[in-house]
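The values are calculated or read from the model by the stated rules, or taken from the named source; none is laboratory data. All values derive from a computational prediction rather than experimental measurement. Glycine gets a Cβ as well: all are built from the backbone with ideal geometry, and neighbour counts include every protein chain shown. For the accessible areas, the whole protein counts, side chains as well, though only heavy atoms, and no ligand, DNA or RNA atoms are used. Shrake-Rupley method; radii C 1.70, N 1.55, O 1.52, S 1.80 Å.
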Amino acid sequence: MSEESQAMSQKKSAPINIGLLFDWNATRATQTTMHLDRPFDVAPKAGTHLDGAALAAVVRDLSACLYAAGLRHGDRLGIVKDNHYDMVLTAAAAARIGALPVMMAPIRSIEAIRTMIQRINPNVLIAGTSVLARAAEAGIALANYGVPLIAVGEPNEASAEEMCLDDLRGGAEPPVRVRGDHEPMIVTHTSGTTGVPKLVVHSPYTALGALPYRLESLRLPLLTSKSSDVVASAISFAHMRGLSWSRSQLTLAPKRMVVISDPGLDNVAEMLAKYRPTSLEALPNIFQRWEELADLKPELFSQVKRFISTFDALHPRTVRKFLGISERRLPVWAWGLGQSEIAGISANIFTRRSVRPGKRARNDATNLGWPTLIRVRIVDPESGRAQRRGEPGLIMVKTKTRCLAYLGEEDRHQAKINGKWWNTGDLGERAGLGRLRLIDREVDLREPREPEDVESLLLDRRRRRRDK
């Protein structure tokens, strides 16, 4: 480990540069252990139980491999592979030498993946073997000629002639040379629900250093981890949430961190039965999928005292289901609305009482929250005029967590900036007590579809008819 890395690792608070985080964690007296549902694609021999030293070793090994492949300070690394926590570790390995990692989920459209890679113009590309197989079937070359391509995952016909990490291992560990706190450190992408996903550029400060991120690393009653907690996450680790989750949990050092890369019912049932988490995080649509599992095996969720969902609204019925089967005295549901570009927009805490059925005032509870240490304005989408309370409009925010750019689409990024304000593209309205209610996406404003609160009511009614 270099002198710079040693100095950073001795700091009391966690570094905000992902390239230094795992070295810092490895030197701490109090650490957590990470438990996986399958070995890492980039380090299959590392096993499924890793302490701080083992995680740091994976990052250092990957850094050496990337350096051997030709990646250098200031270069760009493209990463597109099956979902797993090794996305974060690979990004850390690149950031450790000052390269810019770009994390991409293996979305359905292989053409969109190719478009994103073209925008990245990577110096090195890491691709999962399943992604390579899809590209080969579609007749698409993911990387331009001459760009080193490293295949990771189970070998297949499409990856047979590609370089793998084992071909690169054994080289010297490159020097640590991270970028500055306000320089580009990481790139992830948006959901892509409106076309090819945008590539969102963040610095150490906008990704992990601003106040909203630091709060998650504090010990807050009910809301953050204790040393006795078993913290499970089933998110997309290609998105920004994987970074903030990493920093907060490595700081708080719960008893275990449980990584669920595959949200399928069988895999989830096995992991929950094995580790019995006290904190469980997933995307709203994943929790909806798990309702079947909650009906069949409610005991799997009995020890969960804190459910967490981010990115989007969810249905009160879903929240009621899981809070109802927890055997904890006061389980809570922590919900946040966010974007890759700016992190959190609003958040709320739900209890059994706040989502109880039969009261209309509660039907929109799970798209209603308080701004997360940011300034919010609701404006008319056409005129830009500030809207009164109860009048729907475009959500504009002012925050220090705003991204630096859209990689390869600077004009599109600038079009969303109005002075210090950011156009979220979300539609909402002011509610009582300073709260913000999510209504819909701006792009869907003219589409003939049901708003979120009507959909919630319909789902509840369908469920009640089925249960009769």
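Hey, which of the strands (runs of 3 or more DSSP E) in the range 329-438, taking only ones fully inside, have at least 2 residues that are in contact (Cβ under 8 Å) with a residue 60 or more places away in the chain and hydrophobic (A, V, I, L, M, F, W, C)?
Those strands (runs of 3 or more DSSP E) span 332-339, 343-350, 368-371.
Scan the range 161-174 for residues that are over 26 Å from residue 136 (Cβ atoms) and part of a helix (DSSP H, G or I) and report the count.
0
Take residue 136 and tell me if it is open to solvent by 50 Å² or more (accessible area, probe 1.4 Å), farther than 22 Å from residue 242 by Cβ and not in a loop (DSSP other than H, G, I, E, B).
yes
Quick one: which residue in 71, 100, 66 is under 18 Å from the mean Cα position of the chain (by Cα) and closer than 23 Å to residue 183 by Cβ?
It is 100.
Would you check if residue 128 is in contact (Cβ under 8 Å) with a residue 24 or more places away in the chain and farther than 28 Å from residue 16 by Cβ?
Against the criterion (in contact (Cβ under 8 Å) with a residue 24 or more places away in the chain and farther than 28 Å from residue 16 by Cβ), residue 128 qualifies.
Of everything in the range 114-141, what is over 20 Å from residue 161 (Cβ atoms) and of a type in the set (A, V, I, L, M, F, W, C)? Give them in sequence order.
116, 120
Can you find, within the range 306-328, the residue that is most open to solvent (accessible area, probe 1.4 Å) among those that are of a type outside the set (A, V, I, L, M) and in contact (Cβ under 8 Å) with a residue 60 or more places away in the chain?
311
Mind listing whichever residues of the range 263-302 are buried (at least 16 other Cβ atoms within 10 Å of the Cβ) and touching a residue at least 60 places away in the same chain (Cβ under 8 Å)?
The answer is 271, 275.
Just give me the residues in the range 101-126 being touching a Leu at 6+ places or on another chain (Cβ under 8 Å) and not in a strand (DSSP E or B), in sequence order.
The answer is 113, 114, 116, 117, 119, 120, 122, 123.
Looking only at the range 1-25, filter to residues that are open to solvent by 30 Å² or more (accessible area, probe 1.4 Å) and among the hydrophobic types (A, V, I, L, M, F, W, C); which one of those is modelled with the highest pLDDT?
The selected residue is 16.
Considering the range 46-75 alone, what residues qualify as being surrounded by fewer than 16 Cβ atoms within 10 Å (Cβ to Cβ), more than 25 Å from residue 252 (Cα to Cα) and of a type in the set (D, E, K, R)?
Passing the criteria: only 72.
One residue is enough: does the range 211-224 have a residue meeting the conditions free of Cβ contacts under 8 Å to residues at least 40 places away in the same chain, closer than 30 Å to residue 182 by Cβ, of a type in the set (Asp, Glu) and in contact with a helix residue (DSSP H, G or I) (Cβ under 7 Å, 6 or more places away or on another chain)?
Scanning the range 211-224 turns up at least one residue that is free of Cβ contacts under 8 Å to residues at least 40 places away in the same chain, closer than 30 Å to residue 182 by Cβ, of a type in the set (Asp, Glu) and in contact with a helix residue (DSSP H, G or I) (Cβ under 7 Å, 6 or more places away or on another chain).
Restricting to the range 76-95, and then to whatever is open to solvent by 10 Å² or more (accessible area, probe 1.4 Å) and in contact with a Ser or Thr (Cβ under 7 Å, 6 or more places away or on another chain), can you tell me which residue is farthest from residue 147 (Cα to Cα)?
83
Consider residue 224 carefully, then state whether it is among the β-branched types (Val, Ile, Thr), open to solvent by 10 Å² or more (accessible area, probe 1.4 Å) and modelled with pLDDT of 95 or more.
When the stated conditions are applied, residue 224 does not pass them.
Restrict the check to the range 350-364 and report whether at least one residue is open to solvent by 20 Å² or more (accessible area, probe 1.4 Å), under 28 Å from residue 401 (Cβ atoms) and charged (D, E, K, R).
yes
Can you find, within the range 193-221, the residue that is surrounded by the fewest Cβ atoms within 10 Å (Cβ to Cβ) among those that are β-branched (Val, Ile, Thr) and more than 15 Å from residue 400 (Cβ to Cβ)?
My answer is 193.
Test residue 98 against the criterion of being open to solvent by less than 10 Å² (accessible area, probe 1.4 Å), touching a residue at least 40 places away in the same chain (Cβ under 8 Å) and not in a helix (DSSP H, G or I), and give yes or no.
Judged against the criteria, residue 98 is a match.
Residue under question is residue 30, and the condition is that it be in contact with a Leu (Cβ under 6 Å, 6 or more places away or on another chain) and open to solvent by 10 Å² or more (accessible area, probe 1.4 Å); does it hold?
no
Could you check the range 95-154 and list, in sequence order, the residues that are of a type in the set (S, T, N, Q) and under 17 Å from residue 83 (Cβ atoms)?
Scanning the range 95-154 gives 109, 129, 130.
Please determine whether any residue of the range 175-192 is part of a loop (DSSP other than H, G, I, E, B), touching a Pro at 6+ places or on another chain (Cβ under 7 Å), among the polar types (S, T, N, Q) and open to solvent by less than 10 Å² (accessible area, probe 1.4 Å).
No, the range 175-192 contains no residue that is part of a loop (DSSP other than H, G, I, E, B), touching a Pro at 6+ places or on another chain (Cβ under 7 Å), among the polar types (S, T, N, Q) and open to solvent by less than 10 Å² (accessible area, probe 1.4 Å).
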